[in-house]
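The values are calculated or read from the model by the stated rules, or taken from the named source; none is laboratory data. Keep in mind the model is a prediction, meaning the values are calculated, not measured. As a convention, Cβ positions derive from the backbone with ideal geometry for all residues, glycine included, and neighbour counts pool all protein chains shown. Heads up: the accessible areas ignore ligands, DNA and RNA and are worked out on the full protein's heavy atoms, side chains in. Shrake-Rupley method; radii C 1.70, N 1.55, O 1.52, S 1.80 Å.
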Amino acid sequence: MAPGWSVMAPESRLFQSLNGLQQLAETRRFKAWFLDQFGVLHDGKQPYPGAVVALEKLAECGTKMVIISNSSRRSSTTMEKLKSLGFDPSLFVGAVTSGELTHRYLHRRDDAWFAALGRSCIHMTWSSRGAISLEGLGLRVVDNVEEAEFILAHGTEALGHPSGDPLPMTLEELEKILEQCAAKKIPMVVANPDYVTVEARDLRVMPGTLASKYENLGGEVKWMGKPDKIIYQAAMSMVGVDASDSIAVGDSLHHDIKGANATGIQSVFITGGIHATELGLGNFDEIADLNSVKALASKYDAYPSYVLPSFTW
């Protein structure tokens, strides 16, 4: 067996442990790199040490990079955010976000499932993080479940109001509304499938938690991002590559790595993101115990090709 490789028993899943991206990038094996942002490039407040330089080095290798993010915001907002944090937007071909895909599918309605959706929706959104505009989608936001034809989940802090000003709510209050929606059997579109995200080292609850709750209540959910293939296929289409020329980088086994597995592309698992506590990591760039990584991968049934402490060169 080659040095640095570990067996993922009992299914003989292999991953290679690396200290940085250089060894992998300089093989130029992958034409396209699909990068998660939160937990990989930054924590929502500032870039991780070495991330800006690593991106520049990747670009020098001729890599085509695309941000693929479960952010419920539009792609343009994501690129503006990266620029404000010190990243050079010109290094990326573009960004594909769950929010962008949701907006596209709700606007075009050329997909049979979306064509069948009504126009009246219960809108779960953000408050302190900034509400999300539904302008141009021809939707009618209602606050009465009886009038709603579907649920649109962008956030976990507030309920959209017909007046336009969202009403702040607790997670428990939103879950009560979900119970009413489940009884009415209306579908949900979730514009951010993440369960939690890293924000300045803390974990914040994301809309995927509401979507999972809704499925447990018997509700139908359309997941508009990772781990669904839809976001990876959109990224491959943007760059013009197939799965064999692509690699995805992320910190979530359930979303980033499982989604890459489902799409048939290789992946890099960054251990210092949302799983840092589960892996017993206290400091940035601390190397995870390989047996702990194996156990966690088995737990989530998500198997990376490569494992790195952080997104550094």
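Output the number of residues of segment 288-313 satisfying the condition of being aliphatic (A, V, I, L, M), in contact with a helix residue (DSSP H, G or I) (Cβ under 7 Å, 6 or more places away or on another chain) and not in a loop (DSSP other than H, G, I, E, B). Break it down into steps so the answer makes sense when it comes.
The first filter runs over segment 288-313 and keeps only residues aliphatic (A, V, I, L, M), leaving 288, 290, 293, 295-297, 302, 307-308.
Okay, now just the ones that are also in contact with a helix residue (DSSP H, G or I) (Cβ under 7 Å, 6 or more places away or on another chain), so 296-297, 302, 307.
Next cut, not in a loop (DSSP other than H, G, I, E, B) only: 296-297, 307.
Selection size over segment 288-313: 3.
If A200 satisfies all but one of (1) open to solvent by 10 Å² or more (accessible area, probe 1.4 Å); (2) at pLDDT 95 or above, what's the number of the condition it fails?
Every condition holds for A200 apart from (2).
Among the strands (runs of 3 or more DSSP E) confined wholly to segment 182-274, which include 2 or more residues that are closer than 30 Å to E172 by Cα and in contact with a strand residue (DSSP E or B) (Cβ under 8 Å, 6 or more places away or on another chain)?
On the way: elements: 188-190, 196-199, 202-205, 221-223, 246-250, 266-270.
By residue number, 188-190, 196-199, 202-205, 221-223.
Within segment 178-195, take every residue that is open to solvent by less than 20 Å² (accessible area, probe 1.4 Å) and aliphatic (A, V, I, L, M) and give me the one that is farthest from W113 (Cα to Cα). I'd like the intermediate steps shown before the answer.
Going residue by residue through segment 178-195, those that are open to solvent by less than 20 Å² (accessible area, probe 1.4 Å) are 178, 181-182, 186, 188-193.
So of that shortlist, the ones also aliphatic (A, V, I, L, M) come out as 178, 182, 186, 188-191.
Values: L178: 21, A182: 18, I186: 13, M188: 11, V189: 11, V190: 14, A191: 15 Å.
Once the filter is applied, the top-ranked residue is L178.
Sort out which residues of segment 170-181 are touching a helix residue (DSSP H, G or I) at 6+ places or on another chain (Cβ under 9 Å) and closer than 16 Å to P207 by Cβ, and write them in order of number.
L171, L174, E175, I177, L178, C181, listed by residue number.
Tally up the residues in segment 125-148 that are over 23 Å from E100 (Cβ atoms) and surrounded by 15 or more Cβ atoms within 10 Å (Cβ to Cβ), please.
Start the filter on segment 125-148 by keeping residues that are over 23 Å from E100 (Cβ atoms), which leaves 142-148.
Narrowing further to those that are surrounded by 15 or more Cβ atoms within 10 Å (Cβ to Cβ): 142-143, 145, 148.
Qualifying residue count for the region: 4.
Quick one: Y300 ticks every box in (1) free of Cβ contacts under 8 Å to residues at least 40 places away in the same chain; (2) open to solvent by 10 Å² or more (accessible area, probe 1.4 Å) bar one, so which box is it?
(1)
Which condition from (1) more than 14 Å from the chain's Cα centre (by Cα); (2) modelled with pLDDT of 95 or more is the one that L171 breaks?
Among (1) more than 14 Å from the chain's Cα centre (by Cα); (2) modelled with pLDDT of 95 or more, L171 violates only (2).
Which one is farthest from the chain's Cα centre (by Cα) among residues in segment 104-122 that are touching a residue at least 60 places away in the same chain (Cβ under 8 Å) and open to solvent by 10 Å² or more (accessible area, probe 1.4 Å)?
Residue satisfying both the conditions and the ranking: L117.
Could you check segment 207-262 and list, in sequence order, the residues that are open to solvent by 60 Å² or more (accessible area, probe 1.4 Å), among the hydrophobic types (A, V, I, L, M, F, W, C) and in the same structural domain as L171 (by the TED database)?
L217
Which of the strands (runs of 3 or more DSSP E) found entirely inside segment 2-99 contain at least 3 residues meeting this: open to solvent by 70 Å² or more (accessible area, probe 1.4 Å), modelled with pLDDT of 95 or more and not assigned by the TED database to the domain that holds K299? Can you show your working first?
Numbers: elements: 5-8, 13-17, 32-35, 64-69, 92-97.
Hits in segment 2-99: none.
Quick one: how many residues across segment 267-286 are surrounded by fewer than 16 Cβ atoms within 10 Å (Cβ to Cβ) and either among the β-branched types (V, I, T) or under 25 Å from A32 (Cβ atoms) (or both)?
Total satisfying the criteria: 1.
Criterion first (at pLDDT below 95 and of a type in the set (A, V, I, L, M)) does I132 satisfy it?
Working: at pLDDT below 95: yes; of a type in the set (A, V, I, L, M): yes.
So I132 fits the description; yes.
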